[in-house]
1. Of these, 198, 101, 167, which one is modelled with pLDDT under 95 and under 16 Å from the mean Cα position of the chain (by Cα)?
2. Suppose we keep only residues that are over 30 Å from residue 48 (Cα atoms) and among the hydrophobic types (A, V, I, L, M, F, W, C) within the range 154-189. Which one would you say is nearest to ligand 2 (Cβ to nearest atom)?
3. Restricting to the range 219-229, and then to whatever is away from ligand 1 (no atom under 16 Å from the Cβ) and either at pLDDT below 95 or not hydroxyl-bearing (Ser, Thr, Tyr) (or both), can you tell me which residue is surrounded by the fewest Cβ atoms within 10 Å (Cβ to Cβ)?
4. Checking the structure you have, find out if any residue of the range 236-251 is surrounded by 19 or more Cβ atoms within 10 Å (Cβ to Cβ) and free of Cβ contacts under 8 Å to residues at least 60 places away in the same chain.
5. Go through the range 46-61 and give me each residue that's of a type in the set (Lys, Arg) and either surrounded by fewer than 14 Cβ atoms within 10 Å (Cβ to Cβ) or within 10 Å of residue 18 (Cβ to Cβ) (or both).
6. Filter the range 112-125 down to residues that are surrounded by 14 or more Cβ atoms within 10 Å (Cβ to Cβ) and more than 17 Å from residue 246 (Cα to Cα), then give me how many there are.
7. So in the range 165-199, with the set limited to residues that are away from ligand 1 (no atom under 16 Å from the Cβ) and in contact with a Pro (Cβ under 9 Å, 6 or more places away or on another chain), which one is farthest from residue 12 (Cα to Cα)?
8. Six or more apart or on different chains, Cβ atoms under 7 Å: show the pairs whose first residue is in the range 149-166 and more than 21 Å from residue 91 (Cα to Cα) and whose second is within 16 Å of ligand 2 (Cβ to nearest atom).
Amino acid sequence: MKTILVTGGAGYIGSHTCAELLATGYGVVVLDNLDNGCEAALRRVEQITHRKPVFVQADVRDKDALDRVFREFSIDATVHFAGLKSVAESVANPALYYDVNLGGSVALCDVMDSHGVRDIVFSSSATVYGVSSDDPIPEHAEKQPAQPYGETKLAVEHHLEELCGENAGWNAVCLRYFNPLGAHPSGLMGEDPRGIPNNLAPYITQVAAGFRDRLMVFGNDYPTRDGTGMRDYIHVVDLARGHAAAIRFLDENPGFMPLNLGTGRPYSVLEVLAAFERAVGEEIPYEIAPRRDGDIAIYFADTTKAEKALGWTADFDMDDMAHHAWHWQSKNPEGYPR
Ligand code: NAD
Ligand code: UFG
C-alpha cells in the first residue's frame, strides 16, 4: 500500500485525514511544525486506528528537512494541509500568509519534483470564490478572493495548475472546503483552537461548556430565511474521507482537478445553534450583534462534480456534526493534553 506524506497532519482536518488514511491501509508520514497542531492528536490517531503515523517536526518551508523526509521514506503522494488559516490575521500580515501558504507550497512542490513524486492533494478553500453571484457555487464560478488568505490559496492552485500543464507527470486535486465542523465520533479528536475562537462552532461549544457567556450572532437582517448568515457546513470526517477518495482519484486521473467539498445544504447561524442545543440538551445563550465586517449572507457548494469524480458524498448531517463536536468538547474540556 502507498505511503502518503501529510503536511499539517497534526492539525484539525489533517489528524482526521491521517486516521482515515491509516484505517484504509495507507502508510502515513506527518510533517508539521506544531505551530497550531498538537502531537497528542497523533497519539489519538494511533489510539483510533491501532496504527502509528511517523511524525517529523519541521517547517514546510524548510527544503532541507523536506529533502530528508523524501530520502528517508518512500513517499508516493502528498496531502498538503500545512498553512495558516485566519482570514483576519492574513489582512493584518499578508506577507506572512504569502510566505507560509504560497512559499511553503512552492518549496514542497520543488522537493517533491526533485524526488519524482508528483501527486498532490491540496487544502484549498471556498474563500477562493469571494463574493460569488452563484448559489450553489460551481467550481467554474469566478474567483475573486476578498482577502490575502484566499489569494494565497488561489495562487497555490495556479501554481499546481501550471505544473500539471507544463510537466506531464504532475497530478493535483485542489479540494475547496466549505465550512468544516464536528469531530471524530469517538470523542478522541476534534478542533482545539488556541485563544478566542473566530469560527461559529467552537465558539458555541465553549459557551455551552460555560467558558464564555453567550454567542454573538453577527447580524439578523440578511436576506436569508431567518435573517442570519447561511453556510455549507461539512463534517470533518466526511472531509477526511474526501481526501482518501482524492488520493485514489489521482491513481487513475492525470492532470489538475479543483473540487468543492461541502454538503450543498446551507444552514443559518440560528439553525446551527438549535442543533447544538439538541446535542447539549440545554438552551445556549445568545445575543444578536451587528454584522461582522466582510461577511456575506449565504454561500454553499455545488457538489455535483466532486460526487461524480470521487464517488463520494457527505454522510453526516448537522445533528451529527453538533453531537460529535459536543462529545469532543465535553470529553476534552481543555482540548488536547499539552
Ligand atoms: P490547523 O491549523 O488545525 O492545521 C494546520 C496544521 O499545519 C497545524 O497542525 C499547524 O501546526 C501546521 N502548520 C502551520 N504552518 C506550518 C508550517 N509552516 N510548516 C509545517 N506545518 C505547519 O487547520 P485546519 O483547520 O486543519 O486546516 C488545514 C488546512 O485546511 C489549512 O491549509 C487551511 O487553510 C485549510 N482550510 C481550513 C478551513 C477551516 O475552516 N478549518 C477551511 C478551508 C480550508
Ligand atoms: N458567526 C456568528 N458568531 C460568531 C462566529 C460566526 O454569528 O461568533 C456567523 C458568521 O457571521 C457566519 C457564520 O457564523 O454567518 C459562519 O462563520 P465562521 O466564522 O464560522 O465561518 P466563515 O464562513 O466566516 O469562514 C470560514 C473560515 C474561513 C474560510 C471560510 C470558507 O473561517 O477561514 O469559512 O471556507 F475561508
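The values are calculated or read from the model by the stated rules, or taken from the named source; none is laboratory data. Quantities reported herein were computed from a predicted structural model and do not represent experimental measurements. Here Cβ is always computed from backbone atoms with ideal geometry, including for glycine, and neighbour counts include all displayed protein chains.
1. Values: 101 fails: modelled with pLDDT under 95; 167 fails: under 16 Å from the mean Cα position of the chain (by Cα).
Of 198, 101, 167, the one residue that is modelled with pLDDT under 95 and under 16 Å from the mean Cα position of the chain (by Cα) is 198.
2. Residues of the range 154-189 that are over 30 Å from residue 48 (Cα atoms), as a first pass: 154-171.
Pick out the ones that are also among the hydrophobic types (A, V, I, L, M, F, W, C) and you get 154-156, 160, 163-164, 168, 170.
Working: 154: 12, 155: 15, 156: 14, 160: 18, 163: 24, 164: 23, 168: 32, 170: 25 Å.
In this case the residue turns out to be 154.
3. Start the filter on the range 219-229 by keeping residues that are away from ligand 1 (no atom under 16 Å from the Cβ), which leaves 219-228.
Narrowing further to those that are either at pLDDT below 95 or not hydroxyl-bearing (Ser, Thr, Tyr) (or both): 219-221, 223, 225-227.
Numbers: 219: 18, 220: 17, 221: 11, 223: 8, 225: 12, 226: 11, 227: 16.
The residue in question is 223.
4. Here is the first cut: in the range 236-251, the ones surrounded by 19 or more Cβ atoms within 10 Å (Cβ to Cβ) are 236-247, 249-250.
So of that shortlist, the ones also free of Cβ contacts under 8 Å to residues at least 60 places away in the same chain come out as none.
Checked the range 236-251: no residue is surrounded by 19 or more Cβ atoms within 10 Å (Cβ to Cβ) and free of Cβ contacts under 8 Å to residues at least 60 places away in the same chain.
5. Going residue by residue through the range 46-61, those that are of a type in the set (Lys, Arg) are 51-52, 61.
Scanning the range 46-61 gives 51, 52.
6. Quick first cut of the range 112-125, residues surrounded by 14 or more Cβ atoms within 10 Å (Cβ to Cβ) only: 112-113, 115, 117-125.
Next, only the ones that are more than 17 Å from residue 246 (Cα to Cα) stay: 112-113, 115.
Going through the range 112-125 one residue at a time, the tally reaches 3.
7. Initial filter on the range 165-199 (away from ligand 1 (no atom under 16 Å from the Cβ)): 165-171, 185-187.
With the extra rule that they be in contact with a Pro (Cβ under 9 Å, 6 or more places away or on another chain), the set shrinks to 168-171.
Details: 168: 33, 169: 30, 170: 27, 171: 25 Å.
Filtering the range 165-199 for residues that are away from ligand 1 (no atom under 16 Å from the Cβ) and in contact with a Pro (Cβ under 9 Å, 6 or more places away or on another chain), the one farthest from residue 12 (Cα to Cα) comes out as 168.
8. 160/122; 160/174
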